[in-house]
Structures are given as C-alpha cells and as structure tokens.
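For reference, the structure discussed in these notes is given below.
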Amino acid sequence: MGAGASFIKRMSLLFTNDEKGVYPQSWYAATCDLLPVFDPLSDSQRFDVCVIGAGYTGLSTSLHLAEAGYKVVVLEAQRIGFGASGRNGGQIGSGQRLEQGSLIKVAGAQTADLLWKLAEESKTTVKSLIQKHQIDCYLKSGIANLGLNQPQMKDMHHYTDFLAERYGYDHIIKLDKDAAYALCPSPAYHGGYLDQDAGHLHPLRYAIGLAEAALSAGVKIFENTEVTSLDKGERVKVHTSDATITCDYAVLACNGYLGNLEPSVASRVMPINNFIAATEPLGTETAKVLTQDVAIADSKFVINYFRLSHDGRLLFGGGENYSYRFPKDIAAAVRKPMSKIFPHLRDIRIDYAWGGTLGITVRRMPYFHKLSPNTFSASGYSGHGVAMATLAGKLVAKAIDGETSGFDAFSKVPSFPFPGGAPARYPLLVLAMTWYTLRDRLGF
C-alpha cells in the first residue's frame, strides 16, 4: 500500500474535524430544534432496504421508499444532517451544476434535455416536501447569479436567452451593472441575472424535517453507527462494529464522507472542504448588503455565495481547501473573500464560522451508479446538492421500485475517475485549483 493510500485509510472525514455525535458550532445548529439522539445499532436485524447516510440523499430515499411500503433502516455514523446537508449555503438552484450548453456536448441533446427536466423536478420536489410535511425551514424565493466583469455578465445574459428559447424558462430577470448594484451594493459585480424560481432555505432545519417525515412513515434510524463494510450478493450484508443489517437492497448516500467504504465511487467523488461565516446581526446595515431577501452566487470558480438570515445576519460562504483538516481560524479564512465583496464589512464581528465537506466530480455532475443489481450509490453533487440530493433520493427509491429512467439518465453522463484514483487525487486537485484561483484573480 502506497503512502497516499495508507494516509487515506488512517484518516476519516467523519471524525477528523468534528467530535463524535456532536453537531458543529454553526449558526444552523444554534437556530434548529435538534432531535434527541437515536441509539446506535447494537443487534443484527433484517430490512428490505438499508440506507447508509442520513443526509438529504439518504433521508429522501428512505422517505420515498417507506411511503411505497418498504421496510427501511438508515445508518448514520454521526447525527442526522451532520455533514454537508446541515452545513451548506441553503441554495436551491435551477438546472444542473454543469450549464446546459456544456451538458449537451458531454451527454448529448436528448439526455441533457431530460436532465434539465429532472433539475426542474428537483426544485419542485423540495418545495412540495416542505409543504406536505410542514417543514419550518424559512424557504424563500430567488437566487441572483452575478458576474465579476462585463464579459461574464454578457455570457450570463446569453445563457438566460438560451434557457428561454430551448426550455421556455421565463423566470429570469436580466441584471445590468446598475440593477445588480441596486440588488447587491457591492463594487465587485458587473451584472448577471435573478432567477425567481430558484430559492434558499435553512438547510439543517430542512434535513431535520425530512427525518421527522421519514420517521413518521416508519423508517428506523440509528445514529453514531459507522458502517465498516458491506457484502454484495442476493442479500446485501451491511456491517458495523457491533452488528449486521441483512437487506434486499442497499443505498450508499455518503457523498463527501464515503471514505474507503466503496473504492469505485471514491475514485470518482472527491471530498473537499468549504467554509461559511455568520456575522453579527446587521440591523439597518442589511440594505448595504442585499436589498431583497434573495441569495447570491457569483461567477468565481471557487464560488462566493451568501444571503441574509432570518435574524438579519450575513451568511457568507467562501474559500475551499483540499486537505483533510479545516483551517485553525475558519472565521479569518472566510473574512478574506467577504471583505473583497463587501469592503465596509472588513471589521464586522463574526459570531459563527464552520466548515463542511462536500463531494465533487471531474465534470461537476452527480455520480449515480449501480454497484450491483441491488446496491445503489448517488453522490458528487459538487455544491448543487440541496435540490439535487433530494431528487437523487427520490430517483433511487423509484429505481428500487422498478422505475429506472431518472436514475439511468444521470448514469448516462460520462464520468471519469480522478487521475491516480483516491491516493493521488489530492495533490493533482491542488495543482488544478491553483490554476483556477489564478484565473479568478486575473478576471477571466
């Protein structure tokens, strides 16, 4: 075993940056009614389906399967919504992470057009689940995508024309530089567009709401239960340190926290860390940040994203790293890009700062894969996971129940392993990201 592989085996992102069974000290955790801790799995049991991971993918899968009559168990190594599902920027974006024009070139027009429809379904699924199960997660409409220069603004306007012409998508308002400044008074932006059918929410409240709905439907959840291995076969055996689940189907819903559980997925889904800070309440200063209650995502490759919280704070996400450990001072790491966007907030107090781990792929498209006739995996949402992971759970559930068209559409998108597989992917990604960071600084 090489040094890189040995290092990966020793490290686990489930526990490297966080205490076992304890949510991070985020603004999300501070403003959420957390569920009591569920017992760990202590005895071997039999279920129709075993879902590994209690994030959006796993919770959505289990909820939809339980509603279809399946006996489902969810095994979570930490707490419900503990990973990226409870730490992200809360944005419900339109389309896929890869723009439709590029997706047509990669996957072909027919598959790309189906993936657009599925992306629209992902937003509808989130909104309908929130309404159906009365999840109090501060769902709001609107995401503005803003460019850092004039050419980027023009590209964004051309893209809105493309979406209107090809898909009849008419929920977008183009923003020139003055209109962008009127919405977001930052000298950094030169225009873009406001997508009124996109939205944003409190991600941990949403995850907890999905869990409550799944529990009400009959799903069994075990927390603090790390899966150590699984044996594929006519019946899948899912092993923990203390017990084994025997099931007809298994679902890997681990995303950036998969570790070495399934190397064939790990070679294509790369964990990276992203960071968010919550400022002190801005009071009357909110109008100097945003004049509408919408979210912002900009055109940097290492994207800045932000919005206002329901208690008047700026929630600002920015910066990434590609090691296993978070920086010692996350607040300082986020303050740097935040101060470039809002120079007047350079000395603002930051009350909360936290990191999280997400999964990315080479093409920035989700990786759906059938590992065996009865073992499914969905992950690699590449920062587009609130809606897409919720949809993934629905599509996995449908595939288990015999309707595979949606799952198969994602499986048809060509997916490549990171060069060198899991052991070599970190140094190679660092080299690539250094280049993209330089591009961001140079403005092209």
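The values are calculated or read from the model by the stated rules, or taken from the named source; none is laboratory data. In this text the structure is predicted, and so the values were computed from the model without any measurement. Every residue, glycine among them, receives a Cβ derived from its backbone with ideal geometry; neighbour counts consider all protein chains shown.
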Tell me, yes or no, whether region 88-108 has at least one residue that is under 30 Å from E19 (Cα atoms), touching a Phe, Trp or Tyr at 6+ places or on another chain (Cβ under 6 Å) and either touching a residue at least 12 places away in the same chain (Cβ under 8 Å) or surrounded by fewer than 23 Cβ atoms within 10 Å (Cβ to Cβ) (or both).
yes
May I ask you to verify whether V37 is surrounded by 24 or more Cβ atoms within 10 Å (Cβ to Cβ), in contact with a Lys or Arg (Cβ under 9 Å, 6 or more places away or on another chain) and farther than 30 Å from N304 by Cβ?
no
What residue, of D170, D195, is within 26 Å of T390 (Cβ to Cβ) and part of a strand (DSSP E or B)?
D195
Would you check if there is a residue in region 118-125 being surrounded by fewer than 18 Cβ atoms within 10 Å (Cβ to Cβ), of a type outside the set (S, T, Y) and under 30 Å from L63 (Cβ atoms)?
yes
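Could you tell me which of the residues A213, A180 is part of a helix (DSSP H, G or I), more than 15 Å from F306 (Cα to Cα) and either in contact (Cβ under 8 Å) with a residue 12 or more places away in the chain or of a type outside the set (F, W, Y) (or both)?
Details: A180 fails: more than 15 Å from F306 (Cα to Cα).
Selected residue: A213, the only one of A213, A180 that is part of a helix (DSSP H, G or I), more than 15 Å from F306 (Cα to Cα) and either in contact (Cβ under 8 Å) with a residue 12 or more places away in the chain or of a type outside the set (F, W, Y) (or both).
Quick check, is F301 among the aromatic types (F, W, Y) and over 30 Å from D178 (Cα atoms)? Steps first, please.
Details: among the aromatic types (F, W, Y): yes; over 30 Å from D178 (Cα atoms): no.
Considered against the rule, which asks whether it is among the aromatic types (F, W, Y) and over 30 Å from D178 (Cα atoms), F301 comes out as no.
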V396 being closer than 18 Å to A112 by Cβ and of a type outside the set (D, E)
no
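Select from region 89-125 the residues that are in a helix (DSSP H, G or I) and of a type in the set (K, R) and write down the one among them that is farthest from L204 (Cα to Cα).
K105
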Determine, yes or no, whether K154 is touching a helix residue (DSSP H, G or I) at 6+ places or on another chain (Cβ under 8 Å), surrounded by fewer than 18 Cβ atoms within 10 Å (Cβ to Cβ) and at pLDDT 95 or above.
no
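Please determine whether any residue of region 251-263 is surrounded by 16 or more Cβ atoms within 10 Å (Cβ to Cβ), among the acidic types (D, E) and in contact with a Lys or Arg (Cβ under 6 Å, 6 or more places away or on another chain). Quick ask: steps written out before the conclusion?
Applying the first criterion (surrounded by 16 or more Cβ atoms within 10 Å (Cβ to Cβ)) to region 251-263 yields 251-259, 261-262.
Add one more test, that the residue is among the acidic types (D, E), and what stays is 262.
Next, only the ones that are in contact with a Lys or Arg (Cβ under 6 Å, 6 or more places away or on another chain) stay: none.
No, the conditions are met nowhere in region 251-263.
If we scan region 274-286, do we find a residue that is within 30 Å of P40 (Cβ to Cβ), of a type in the set (F, W, Y) and crowded, with 22+ Cβ neighbours inside 10 Å? First the steps, then the outcome.
Initially, region 274-286 is screened for residues within 30 Å of P40 (Cβ to Cβ), giving 274-276.
Next, from what is left, pick out any that are of a type in the set (F, W, Y): 275.
Now narrow it down to the ones that are crowded, with 22+ Cβ neighbours inside 10 Å: 275.
Checked against the condition, which is being within 30 Å of P40 (Cβ to Cβ), of a type in the set (F, W, Y) and crowded, with 22+ Cβ neighbours inside 10 Å, region 274-286 yields at least one hit.
Can you confirm whether Y159 is of a type in the set (S, T, Y) and in a helix (DSSP H, G or I)? So that I can check it myself, show each step before the final result.
Details: of a type in the set (S, T, Y): yes; in a helix (DSSP H, G or I): yes.
Criteria met by Y159.
Among the residues of region 235-256, which ones are in a strand (DSSP E or B) and among the aliphatic types (A, V, I, L, M)?
First pass over region 235-256, keeping only residues in a strand (DSSP E or B): 236-240, 244-252.
If the condition is that a residue be in a strand (DSSP E or B) and among the aliphatic types (A, V, I, L, M), then V236, V238, I245, A250, V251, L252 are the ones that fit.
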Restricting region 126-143 to residues that are outside any strand (DSSP E or B) and hydroxyl-bearing (S, T, Y), which is surrounded by the most Cβ atoms within 10 Å (Cβ to Cβ)?
Y138
Sole exception among (1) surrounded by fewer than 22 Cβ atoms within 10 Å (Cβ to Cβ); (2) in a helix (DSSP H, G or I) for D43, by number:
(2)
Have a look at L230, L261 and point out the one that is part of a loop (DSSP other than H, G, I, E, B) and of a type outside the set (S, T, N, Q).
L261
